[in-house]
1. Name the residue farthest towards the positive end of the dipole of region 3-72 from the options ILE31, ASN15, GLY65, assuming +1 on Cβ of Lys and Arg, -1 on Cβ of Asp and Glu, about the Cα centre.
2. Within 10 Å of each candidate Cβ there may be at most 14 other Cβ atoms; applying that plus a DSSP loop requirement, which GluC sites (Glu not before Pro) in region 17-80 survive?
3. May I ask you to list the residues of region 1-22 whose amide nitrogen lies under 11 Å from a point 7 Å from Cα along the Cα→beta-carbon direction of THR53?
4. Would you please classify the overall shape of the chain from the alpha carbon gyration tensor, given that a ≥ b ≥ c denote the square roots of the eigenvalues, rounded means a/c under 1.5, and beyond that prolate means a/b larger than b/c while oblate covers the rest?
5. Placing unit charges on C-beta atoms (Lys and Arg positive, Asp and Glu negative, everything else neutral), compute the dipole magnitude of the chain about its Cα centre in debye, rounded to 20.
6. Of the chymotrypsin sites (Phe, Trp or Tyr not before Pro) in region 1-50, which ones lie in a loop per DSSP and count no more than 13 other C-beta atoms within 10 Å?
Amino acid sequence: MTTMDIVFRYGTHPNQDVLTALSGAREVYGIRRLQFDRERQTVLVEYDATRLTGAAVTSLMRRAGLDVVEEMSLIPPPPA
């Protein structure tokens with residue numbers, strides 16, 4: 001198993017229907033964890049890269065109804 005993390009910034013806060021669909025996404029073989037940061041409007045997805053690709057995870061989030069705006073870098077930019 002190769003665990004990977006991907007962070008998405010979303011536009012609108014997910015409603016109950018989206019959260020229900022995302023809880024179902026956790027049942028997808030390879031999705032290990034979802035962690036929301038409501039203040040930053042991000043969700044961190046931990047997944048098994050031997051089972052899924054980053055593109056598949058992005059598609060899964062969008063199909064669940066999450067308003068994905070962008071994929072964010074886990075590495076902070078260097079100081080100016």
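Coordinate-derived values only; no laboratory data. Predicted model, so just to flag it, every value in this text is computed and none were measured. Here Cβ is always computed from backbone atoms with ideal geometry, including for glycine, and neighbour counts include all displayed protein chains.
1. ILE31
2. Details: sites: GLU27, GLU39, GLU46, GLU70, GLU71; in loops: GLU27, GLU39.
Sparse-neighbourhood loop GluC sites (Glu not before Pro): GLU27, GLU39.
3. It comes to no residues whatsoever.
4. On the way: a/c = 2.03, a/b = 1.10, b/c = 1.84.
Since a/c reaches 1.5 but b/c is at least a/b, the shape of the chain is classed as oblate.
5. On the way: 9 positive and 10 negative charges, 22 e Å.
Magnitude of the dipole: close to 100 debye.
6. Details: sites: PHE8, TYR10, TYR29, PHE36, TYR47; in loops: TYR29.
Those satisfying the criteria are TYR29.
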